Amino acid sequence: MHEQTRAQLEAKEAELVAQMDQLAAPVQDQGSISFGKRVGDGTAMAVDRLTAVTAHDNLQALLTQVRAALAALDDGSYGRCIVCGEPIPEGRLQARPWATTCVRHG
């Protein structure tokens, strides 16, 4: 079972890294934020950039969880809550293989 879990976690890790790389790639034809030809062009660009930063932060947080789960697989603690040490329910691990806490502490 742990081989399948490791494969799922490694696939998720690769997916997250690819998504983060895509967000970090420079966007063409946006230039600096300034007054555009139409009212609101600069505001729309600023909102797009803030949205991308937030998405990147969310992906980074999830990537941290995935890597923590991989480390737990390596050290034998996978499937145990990092807060209370109790087993994480199998259903939770199936839904979120990167879960490092039980439902009560999640």
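The values are calculated or read from the model by the stated rules, or taken from the named source; none is laboratory data. In this text the structure is predicted, and so the values were computed from the model without any measurement. Reconstructed Cβ throughout: ideal geometry from the backbone, glycine too, with neighbour counts over all protein chains shown.
Observations on the model:
- Taken as a whole, the condition of being among the aliphatic types (A, V, I, L, M) and farther than 15 Å from GLU15 by Cα does not apply to VAL66.
- Residue match in the range 96-104 (condition: assigned to a helix (DSSP H, G or I), over 21 Å from MET20 (Cα atoms) and touching a residue at least 24 places away in the same chain (Cβ under 8 Å)): no
- If you check ARG92, ARG49, ARG67, ARG96 for being modelled with pLDDT under 95 and among the charged types (D, E, K, R), only one passes: ARG49.
- Identity of the residue in the range 47-89, hydroxyl-bearing (Ser, Thr, Tyr) and in a loop (DSSP other than H, G, I, E, B), that ends up surrounded by the most Cβ atoms within 10 Å (Cβ to Cβ): TYR78
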